[in-house]
1. From the residues Val216, Thr120, Pro200, which one has its Cα farthest along the dipole of the range 100-240 in the positive direction, the dipole being from +1 and -1 charges on Cβ of Lys/Arg and Asp/Glu about the Cα centre?
2. Just to be sure I understand: of the beta bridges DSSP finds with both ends in the chain, what percent are antiparallel, rounded to 5?
3. With only Lys, Arg, Asp and Glu charged, each at its Cβ (+1 for the first two, -1 for the last two), find how big the charge dipole of the range 194-309 is about the Cα centre; round to the nearest 20 debye.
4. In what sequence, highest mean first, do 303-314, 458-469 appear when ranked by Cβ atoms within 10 angstrom?
5. Suppose a student asked you for the relative contact order of the chain, using Cα pairs under 8 Å spaced at least 6 residues apart; what percent would you report?
6. Summing -39500 (n - 2.57) over the DSSP H runs of n ≥ 4 in the chain and dividing by its residue number, what mean residue ellipticity at 222 nm do you reach, to the nearest 500 deg cm²/dmol?
7. Using each residue's phi in the range 203-213, evaluate 6.51 cos²θ - 1.76 cosθ + 1.60 at θ = phi - 60° and report the 3J(HN,Hα) Karplus result to the nearest Hz, with x for Gly and Pro.
8. Just grab the label-to-label distance for Glu356 and Phe455, each label 7 Å out from Cα along the Cβ direction, in nm (one decimal).
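Bear in mind these aren't lab numbers, they're just calculated from the coordinates by the rules spelled out. These numbers were taken from a predicted model, which means no experiment stands behind them. Heads up, the Cβs are rebuilt from the backbone with ideal geometry, glycines too, and the neighbour counts pull from every protein chain shown.
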Amino acid sequence: QVAGGARVRVRPGERIPCDGEVTDGNSHVDQALVTGESVPVWKGPGDAVYAGTVNGHGVIELRATRPASDTTLARIIRMVGESQHHRAPTERFIDRFALYYTPLMFAVAAGVAVVPPLATGAGWEYWFYQGMLILLISCPCALVISTPVTIAAAITSAARQGALIKGGVHLEGLARLRVVALDKTGVVTRGEPDVRVIRPLGGRTESEVLARLLAVEMQSEHPLSRAVVRYARGRGVEPAAVADFRAVEGRGAEAVVDGDTFWVGSARYAREKTGRDPLRQELADMQRPGETVVVCGAGDDIWALVAIADQVRSEARESVSRLHALGLRSALLTGDNSETAATVAGRVGVSDVRAELLPEDKVAAVRDLGARYGPTGMVGDGINDSQALLAAQVGIALGGNATDVAVESADVVMLQADMRRIPLLVDHARRARSLIIENIALALGSKALFLAFMFFGAATLWMAVAADMGATLLVTFNGLRMLRRPPAQGGPSPDLALEGAGSRVWG
């Protein structure tokens, strides 16, 4: 058992025993077991690795970030097990139907076998034979198995490619989506922002500001916090003494640093802390298209402005275009300022932009989209997205860097931060729904055809057995077609690799 915080050395060819962060060494790591990536991924200091993946040719040292019982692989196994308890509406309907259908057909078969001989004196042998024919052909095996085999195959296929669907109900939910809401940071953007510039105020130095900023941001999980931490460490800054850290969802964070309450966050949060509109002209001067300006200070005194840039994902525009091609609407939900949100939305082709949202505002936005357009999916990765993920018909947590809260709140967890997989996942769910309808039609159609044979006196017991077993096998094999890796949208080959991606694309 490896405890959190333990130091582990992994030699070439060994399986990595825990989730962790590389602290020393470089190597390629085969992550196919966890993420479905077919090409080993280069890992160096600061990169995350997963339990169960295989080290390549280098020696790496890592710090365990989770105990063995809570690794990504362990959580995948738990979620797959739990998915069996979240059954699809169609599956539940078929089971309820079979609950009444089966005894009813027993009664009909018994009536056919017994009533005519008793009522008319007809021969028992003939009518008993007819009753047996009805009993055999009415067996609901094919109908009952038509839905669960397809759902199980579709969920298994998705899991093999790094998308964990927590049950058939969410698979059907994906197929019914009419609009997809996208968080900005970490979904549309890479979630790996960099500090462009820090403007200290009040005669303070950058090092003085960074020491306090680092003390607060080291306690936070927000992507912008990681940018500040990287920037400060790159300049050799040591954090000040910190206590009583508190994250303020959708606004920022604060802590007691060197005896004073030091805060950092959005311009809205700065207004709340200072009671005035902070440095509007300075904010406008620092703001560049697509960038975020963070304000920090102590009490009602503003210490500095920090401009942070996060790159839009290279595949974002293509992914949004594919969503639109599937007939889905898209919306961008973010707590960032309106100018940055509009710039990012314009780059990726999203027309519905909702900015400066608190977590509860995102929930309201998701509900509004649902009321306007129909079933809504929400894609997010942060703590501040968790309420919106729960409010959506289908919540999707994107990427291996998604927070634990987002993963637990989501209905679908995508282990790779690749937006192209979102439209492919929706298409995958729609194909599963089509196969379910096809299977139900095959099951009922085969019975109707045999009853027609029976009506004309051409049916035999062996034909009934063959029809029942044949229909069951037919819908089973038809449902198992979902196990095959389907071709990528717009490409002829199931193994088509999208340009610039290390993993094969799946639908």
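1. Comparing the listed Cα positions along the dipole, Pro200 ranks first.
2. Values: 49 of 68 bridges.
Given both bridge residues lie in the chain, the antiparallel proportion sits at roughly 70 percent.
3. Values: 16 positive and 18 negative charges, 67 e Å.
Roughly 320 debye for the range 194-309.
4. On the way: 303-314: 19.8, 458-469: 15.3.
So the order, starting with the most tightly packed, is 303-314, 458-469.
5. On the way: 1034 pairs, mean separation 81.5, N = 507.
Relative contact order here is 16 percent.
6. Numbers: 17 runs with 232 residues, N = 507.
After summing the helix terms and dividing by residue count, I get -14500 deg cm²/dmol.
7. Karplus values, whole Hz, x for Gly and Pro: x, 7, 8, 4, 5, 5, 5, 4, 4, 6, 4.
8. 6.9 nm
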